[in-house]
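S.K.: Attaching a single structure in structure tokens format; questions to follow.
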Ligand code: ADP
Ligand code: MG
């Protein structure tokens, strides 16, 4: 896999002050809280784990993860947006406080005149990185895993104007090289399935804890359903569009974009305050394949599969592509009292995502996934056996120094989330 070489950092000695995280293989629903359950379950089993299979939790500033191909971690990449015309005119750049070191997959942040701190990511994209390369590194591994039957999530997080929508949602109608992750992912999926398989999409936005359908704007308060047995999260009221070919998907995406603009104009808000979420459902009929051949931990419960172990299976999986609300609103509202409360509510989902990421990174026994709609939606697609990528977007202007630094710290905490380490002994 393209990014795994980034993780081949020197192995750290298993110091007693470092927590060793081991997760038992294969448990029911893949969600953030089940990750925690598995962490607790495997506490005390550490002695049995061979050193090569250990994943060592990082301390605050350095990261060392065993490059075992079985280990799964949220992959985190950073992308710098090129300077726009204004920034070129004003000669804006952040060279005085930030330095990208793509060859080292590292980013250096200046703390004061004397000190700087280095942060390692799975990939650091400079302003010249192409959409294709970003897709291949950030999204392709997740898409491949979704094609093999696991759920997956690709999220973009960053300040408004730093390139989240460009990276994820760009249609590239005139110039295919500009296509973003949503179009490329569906293109990749269509190229890898057969005529008996199906791809369906829903597209919606989450604003003020309301889920608004972007493919059917009259549906403005869709509710989330969670299957108590399998843990599968669904939106039964959402419009579902069957994807016949790439053109028909691009049309749906364009329709959704228009509806997003119209809805936000009506609500008198900016789209940067809402999260746009594309949900891609894949159903694959695999005549020659048995449940045992499916490369996904889900097979243990049959959660994603219809069928029994000695019969051909229909494999169901889901990909979420999430264009998050602008990160600047988390800690900088400048409001007080009632307005502050309102600001918090607008950002409830983003705040709660941050809390879940912190809790997962700290291996807390409680992951507050029920606090918001966004984290409820992610319950079966982020963490556990699902494969997840997070793209951190930053802009080149030194005006936003503080914002950029806090965005980088968010990504750094997500680097510490170890989804699952399978143990086969
Ligand atoms: P966000 O969704 O994070 O608010 P956008 O994706 O809308 O930001 O990007 C802001 C502006 O910068 C847009 O005009 C977009 O076309 C441009 N832009 C962002 N990333 C790039 C890039 N990698 N190359 C060229 N233009 C970009
Ligand atoms: Mg945007």
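S.K.: Output the residue which, of all residues in the range 149-163 that are more than 17 Å from residue 319 (Cβ to Cβ) and in contact with a strand residue (DSSP E or B) (Cβ under 8 Å, 6 or more places away or on another chain), is farthest from ligand 1 (Cβ to nearest atom).
M.R.: Looking at the filtered set, the residue picked out is 157.
S.K.: Can you give me the number of residues within the range 147-178 that are out of contact with any helix residue (DSSP H, G or I) (no Cβ under 6 Å at 6 or more places or on another chain) and part of a loop (DSSP other than H, G, I, E, B)?
M.R.: Going through the range 147-178 one residue at a time, the tally reaches 10.
S.K.: For residue 117, state whether it is surrounded by fewer than 24 Cβ atoms within 10 Å (Cβ to Cβ), modelled with pLDDT of 95 or more and either away from ligand 1 (no atom under 16 Å from the Cβ) or assigned to a loop (DSSP other than H, G, I, E, B) (or both).
M.R.: So residue 117 does not fit the description; no.
S.K.: So, one more: How many of the residues in the range 195-209 are out of contact with any strand residue (DSSP E or B) (no Cβ under 6 Å at 6 or more places or on another chain) and in contact (Cβ under 8 Å) with a residue 24 or more places away in the chain?
M.R.: Number satisfying all stated conditions: 3.
S.K.: Would you check if residue 65 is modelled with pLDDT of 90 or more, under 24 Å from residue 389 (Cβ atoms) and in contact with a helix residue (DSSP H, G or I) (Cβ under 8 Å, 6 or more places away or on another chain)?
M.R.: For residue 65, the condition - modelled with pLDDT of 90 or more, under 24 Å from residue 389 (Cβ atoms) and in contact with a helix residue (DSSP H, G or I) (Cβ under 8 Å, 6 or more places away or on another chain) - is not met.
S.K.: Need pairs with beta-carbon distance below 7 Å; first residue under 22 Å from residue 403 (Cα atoms) and within the range 150-166, second within 8 Å of ligand 2 (Cβ to nearest atom); sequence gap 6+ or separate chains.
M.R.: As it stands, the answer is 156/164; 156/323; 158/164; 159/326; 160/272; 160/326; 164/323; 165/323, since those pairs meet every condition given.
S.K.: Identify, from the list 278, 255, the residue that is in contact with a helix residue (DSSP H, G or I) (Cβ under 9 Å, 6 or more places away or on another chain) and either within 16 Å of ligand 1 (Cβ to nearest atom) or assigned to a helix (DSSP H, G or I) (or both).
M.R.: Unique residue meeting the criteria: 278.
S.K.: What's the number of the only condition in (1) closer than 30 Å to residue 96 by Cβ; (2) modelled with pLDDT under 90; (3) crowded, with 19+ Cβ neighbours inside 10 Å; (4) more than 16 Å from ligand 1 (Cβ to nearest atom) that residue 417 fails to meet?
M.R.: Looking at each condition in turn, residue 417 falls short on (1).
S.K.: Kindly check whether there is at least one residue in the range 213-230 that is in contact with a strand residue (DSSP E or B) (Cβ under 9 Å, 6 or more places away or on another chain) and within 16 Å of ligand 1 (Cβ to nearest atom).
M.R.: Among the residues of the range 213-230, at least one is in contact with a strand residue (DSSP E or B) (Cβ under 9 Å, 6 or more places away or on another chain) and within 16 Å of ligand 1 (Cβ to nearest atom), which makes the answer yes.
S.K.: Would you point out the residue of the range 359-402, among those that are without any contact (Cβ under 8 Å) to a residue 60 or more places away in the chain and touching a helix residue (DSSP H, G or I) at 6+ places or on another chain (Cβ under 6 Å), that is surrounded by the most Cβ atoms within 10 Å (Cβ to Cβ)?
M.R.: 361
S.K.: So which of 142, 186, 137 ends up being more than 16 Å from ligand 1 (Cβ to nearest atom), in contact with a strand residue (DSSP E or B) (Cβ under 6 Å, 6 or more places away or on another chain) and at negative phi?
M.R.: 142
The values are calculated or read from the model by the stated rules, or taken from the named source; none is laboratory data. This one's a predicted model, so the numbers in the text were calculated from it and none came from an experiment. Because the Cβ atoms are built from the backbone with ideal geometry, glycine has one as well, and the counts that use them run over all protein chains shown.
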